[in-house]
Amino acid sequence: MTRRHRRDFLLDSSGVSALAASRDLLVAYLELLEQRFDGALLIPVPVLTEIRSGHRGPDTLVDRLIKAIGAEDDIYAPLTVEAAMRAGVLRTEALSLSRHDISTTDAQIVAMAEERSHVCAVTIITGDPDDINLLVGLTRRTNIAVDVPG
Amino acid sequence: MNAMEAAIPIQAKQQPADDAKLRDAQRARLRQLHEELVAEGADGAASLPQLQAHADAWPE
C-alpha cells in the first residue's frame, strides 16, 4: 500500500455539488482519502455561503456531507485576515491575465490553500478548474493540486 | 497590514484542521458516512482507479 501522507482537501462549491450529485463518486473519494492520505476534508467558510440556500431538506447528500465534514461545527477552513487580503492581491493579478471576471470566492479558496500549503500538501476539488488553476499558478506554491471530480 | 504586506505570500496559522483530535473525529464521521452510503448501494469501484491516477500526479 502507498504510504499515507498529510494532504488536506478544500472543496469549492462546484466540488461539493459534484460529490453531492453522485453517491458513487463520493464513496470513491472517501475511499481514496482513507486509503492514501492523512487528510482533512474541508469546506472553506466562504463556500458555505454558496452552497447553503436554506431550501434543502435535512437528508440531502449535501447536508450529510457537510455534517460529516463538520464544516459548520468543529472542523472547518476559516478565512483569516491574511488570506482575505492575499485573495485580493491574487484576484487582481488574475484579472490582469484573464478575459473574464475572477470570482472573489475562488480567490479566497486559493489564498486559503496557499496558507494551508505551508503545513501540508493541498488538493482543491473543483468542477471549474480554469480560474482555480490560474490563481494557484500565481501563488507559485508547488504542493497545491487541482482536481476535477469524475 | 498594508498593501505591500498583502502582496507577500502568506504563512500558515494554527487552524481547527491542525488539531489531531478534530481530524480523528472527522475521519470517524467520514467512515460512518461511507458505511451508510455503501449500505444504501453506492459503489466507488468505477471511479476509484481514475482518482488513484489523479492522486499519483498530485505534487507533494
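Looking at the range A:27-65 only, could you name the residues that are free of Cβ contacts under 8 Å to residues at least 24 places away in the same chain and of a type in the set (Lys, Arg)?
A:52, A:56, A:64
List pairs: first residue in the range A:105-125 and under 14 Å from residue A:82 (Cβ atoms), second residue part of a helix (DSSP H, G or I) and open to solvent by 10 Å² or more (accessible area, probe 1.4 Å) anywhere in the structure, Cβ distance under 6 angstrom, at least six positions apart or on different chains.
A:107/A:91; A:108/A:46; A:110/A:136
Run down B:11, B:50 and say which single residue is among the polar types (S, T, N, Q), in contact with a helix residue (DSSP H, G or I) (Cβ under 9 Å, 6 or more places away or on another chain), more than 7 Å from every other protein chain (Cβ to nearest Cβ) and over 22 Å from residue A:73 (Cα atoms).
Sole residue among the options that is among the polar types (S, T, N, Q), in contact with a helix residue (DSSP H, G or I) (Cβ under 9 Å, 6 or more places away or on another chain), more than 7 Å from every other protein chain (Cβ to nearest Cβ) and over 22 Å from residue A:73 (Cα atoms): B:50.
Which of the following residues is touching a strand residue (DSSP E or B) at 6+ places or on another chain (Cβ under 8 Å) and in contact (Cβ under 8 Å) with a residue 60 or more places away in the chain: A:144, A:69, A:132?
A:132
Would you check if residue A:24 is part of a loop (DSSP other than H, G, I, E, B), open to solvent by 40 Å² or more (accessible area, probe 1.4 Å) and either closer than 20 Å to residue B:36 by Cβ or in contact (Cβ under 8 Å) with a residue 40 or more places away in the chain (or both)?
No; evaluated as a whole, the condition is false for this residue.
Kindly provide the set of residues from the range A:45-59 that are modelled with pLDDT of 85 or more and under 19 Å from residue A:26 (Cα atoms), ordered by number.
Of everything in the range A:45-59, those that are modelled with pLDDT of 85 or more and under 19 Å from residue A:26 (Cα atoms) turn out to be A:47, A:48, A:51.
Among the numbered criteria (1) at positive phi; (2) within 7 Å of another protein chain (Cβ to nearest Cβ), which single criterion is violated by residue B:41?
Just one mismatch for residue B:41, condition (2).
Give me the helices (runs of 4 or more DSSP H) completely within the range A:33-150, filtered to those with at least 3 residues that are more than 17 Å from residue B:10 (Cβ to Cβ) and open to solvent by less than 50 Å² (accessible area, probe 1.4 Å), ordered by residue number.
A:45-51, A:61-69, A:129-139
The values are calculated or read from the model by the stated rules, or taken from the named source; none is laboratory data. Not measured: the values here are computed from a predicted model. We place every Cβ from the backbone using ideal geometry, glycine too, and count neighbours over all the protein chains shown. For accessibility, only protein heavy atoms count, side chains too; no ligands or nucleic acids. Shrake-Rupley method; radii C 1.70, N 1.55, O 1.52, S 1.80 Å.
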